[in-house]
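Working notes, beginning with the structure itself.
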Amino acid sequence: MKLSSISYLTKEGIKNTWVNRLMTLASVGVLVACMVIIGLAVLISENVNVAIGNLEEQNVVMVYMKDYNWALYGKEAPKNDTASSTTSGTEATTPENTEKVDENGIKDSDYIIHNEEEAKALCKEIEKLENVEKAVFVSSEEGLESIKESMLEGQEEYFSFLDDENPMSCAAKVTMKDMGKFDETIKKIEKLSGVERIVSQSDLANTINAIKKGVGIAGVWIIAVLMVISLVIVSNTIRVTMYNRKLEIGIMKAVGATDAFVRIPFIVEGMVIGLVSAVISEVLLYFCYRVATESIIGTLGTSDIVKYGDMALILFALFAGIGIFAGVIGSAIMIGKYLKHEGSEFAAI
Amino acid sequence: MENIQQFSAVKPIIEFRGVSKTYQTGTHALEDVNIKINNGEFVFVVGSSGAGKSTFMKLIMREEKANTGKIVVNGFDLTNMKRKDVPMLRRTMGIVFQDFRLIPNMTVFDNVAFAMHVVGADGRDIRKEVSKALAKVGLGHKARALPNQLSGGEQQRVGLARALVNSPDLIIADEPTGNVDPNMSYEIVSLLTEINRKGTTILMVTHDHNLVRDFNHRVIMLDSGRIIADNVGGEI
């Protein structure tokens, strides 16, 4: 098709929206309502995600390592009796094994993580796993401090006896990217050499997961249902326009217009309706959201609310996408049906 | 004129060979029609209501498909023509409707230009050709008028300008004088005759026997779906 034809047909399509302004207005009204609801669903879902994100950050997983302290305090009694031979507190050797045994009866092969470097290397290894956001090394001293901090005020002193004999193993504090893959990631961490046990709040993870899934599914359904409504609305407007322009279509066909030539103005009309609706929805939603957030901030005093500015572009792209999709598909379906069943009947002769 | 007729004798623009058309309702509209219309001819198609005139014209425009037989129009074999090729066939013909079929909210100029937009003509050509076509039908001065500001005869001349503007080889006119007064009828057929003299084939359906008699062209008469007369010289 020539450029001059495309320009002519585009102008015709835009003109049609004005000629059928009442129908256009009705369609824009319904489309705006649908888009605002979709926008609200997106904003609510985004806010829920932010809130969940905060929870997720707190929901860390502690991965304890098989270090010296584990061999000394956590591990079951060593299988050999080398400990008895070290009571003197000096390093000794057995005749069968030349491995050194320390004053506590622990030898190097009894544990896997021998020093901080190896512990940090394990953290790096954990970090390399898919879905692991970060794995921060926590020394046994830091671990003990953190337990003390979690105690009620004044109760820390009950643990002061541990200062000389800290039983905590070093650990990795792991944060995950997606709580949906929580169990799967835990299994992968468990398989790594040097990992002793994993302490996590799996219930919280599952709840977060369920909320996320629920919000996601509800969002998809809202968008899907409203998309269908938008399609039906635009299709009906185009149908009315088409019947209003029956004479024109008949003449077009009689003088040799191709189906594409007949279709384009209607598709342009659908697109214009969709785009105008997108712009109005964006502005309307901005004001609605501003009022709502001001009221929420005033009442709850929270500031963890998604800013409209951060979402404005995404929402406009979504609205424009829905508008154009509904416009193009709605009009294409209608004009296609019309051309197939009635459009070729110029019935003059 | 003689030259045109000599040329046309060897090249039919419309050819029906054993064409029959029965609608799904069971109506036999045409039965075993065999006819040749040569390039440059002026042909009146006459017959009473239900004689098959409409079906005859619809088959030429590929608005309907024949059940049997072969139809060739302007070099296009319509027998197995695909839907997507129909616009190309129609671009070789101009159509004049009984009820004018002008778009009421478009000016005379735009109504005529519309036919050129459809075939993808550019703006300069459209301005030039539309002015020429309007001048041909004597309406150059009414280019900016709306259809409802014109008389019936003038509206039909706009329709004629629209049919002419793409310089078709064939003009199909469906009772173009059906909605105009007798004087204007003569004027319109005179205009069509003038166009025919320049080489365009005209196929005109009419009920007006006076016109057929006075204009001395070939007449094809249909009755009950069959051609019952095919006379050159306006004799019915």
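The values are calculated or read from the model by the stated rules, or taken from the named source; none is laboratory data. These numbers were taken from a predicted model, which means no experiment stands behind them. Backbone-built Cβ (ideal geometry, glycine too); neighbour counts: all protein chains shown.
A few comments on the model shown:
- Within the range A:242-260, considering residues that are hydrophobic (A, V, I, L, M, F, W, C) and in a helix (DSSP H, G or I), the one farthest from the other protein chains (Cβ to nearest Cβ): A:Met242
- Selection within the range B:95-117 - within 8 Å of another protein chain (Cβ to nearest Cβ) and touching a residue at least 12 places away in the same chain (Cβ under 8 Å): B:Ile95, B:Phe97, B:Gln98, B:Asp99, B:Arg101, B:Ile103, B:Asn105, B:Phe114, B:Ala115
- Residue match in the range A:43-55 (condition: of a type in the set (A, V, I, L, M), farther than 30 Å from A:Lys187 by Cβ and at pLDDT 75 or above): yes
- Those residues of the range B:169-219 which are in contact with a Gly (Cβ under 8 Å, 6 or more places away or on another chain), in contact (Cβ under 8 Å) with a residue 60 or more places away in the chain and aliphatic (A, V, I, L, M), in sequence order: B:Leu170, B:Ile171, B:Ile172, B:Val212, B:Val219
- The range B:161-199, residues that are more than 14 Å from every other protein chain (Cβ to nearest Cβ) and either among the charged types (D, E, K, R) or out of contact with any Asp or Glu (no Cβ under 9 Å at 6 or more places or on another chain) (or both): B:Asp181, B:Asn183, B:Glu187, B:Ile188, B:Ser190, B:Leu191, B:Leu192, B:Thr193, B:Glu194, B:Ile195, B:Arg197, B:Lys198
- Test: residue in the range A:196-217 that is crowded, with 16+ Cβ neighbours inside 10 Å and at pLDDT 85 or above: yes
- With respect to (1) facing chain A (nearest Cβ under 8 Å); (2) acidic (Asp, Glu); (3) surrounded by fewer than 19 Cβ atoms within 10 Å (Cβ to Cβ), the lone exception for B:Glu63 is condition (3).
- Some residue of the range B:28-36 being closer than 23 Å to B:Arg213 by Cβ, within 17 Å of the chain's Cα centre (by Cα) and away from chain A (no Cβ under 14 Å): yes
- Filtered by the rule that a residue be exposed (fewer than 14 other Cβ atoms within 10 Å of the Cβ) and either of a type in the set (Asp, Glu) or not in a helix (DSSP H, G or I) (or both), the range A:266-302 gives A:Glu294, A:Gly301, A:Thr302.
- Tallying residues that are touching a helix residue (DSSP H, G or I) at 6+ places or on another chain (Cβ under 7 Å) and either charged (D, E, K, R) or surrounded by fewer than 15 Cβ atoms within 10 Å (Cβ to Cβ) (or both) within the range A:105-130 yields 3.
- Taking the range B:96-191 as the region of interest, the helices (runs of 4 or more DSSP H) fully inside it that hold 2 or more residues being in contact with a Leu (Cβ under 6 Å, 6 or more places away or on another chain) and surrounded by 21 or more Cβ atoms within 10 Å (Cβ to Cβ) are B:152-164.
- Residue identified as touching a residue at least 24 places away in the same chain (Cβ under 8 Å), assigned to a helix (DSSP H, G or I) and within 14 Å of chain B (Cβ to nearest Cβ) among A:Arg263, A:Arg239: A:Arg263
- For the range A:16-57, a residue qualifies if it is within 21 Å of A:Leu226 (Cα to Cα), among the small types (Gly, Ala, Ser), free of Cβ contacts under 8 Å to residues at least 40 places away in the same chain and surrounded by fewer than 17 Cβ atoms within 10 Å (Cβ to Cβ), and exactly one does: A:Gly29.
- Residue in the range B:200-224 that is farthest from B:Gly52 (Cα to Cα), counting only those that are more than 14 Å from every other protein chain (Cβ to nearest Cβ) and of a type in the set (Ser, Thr, Tyr): B:Thr200
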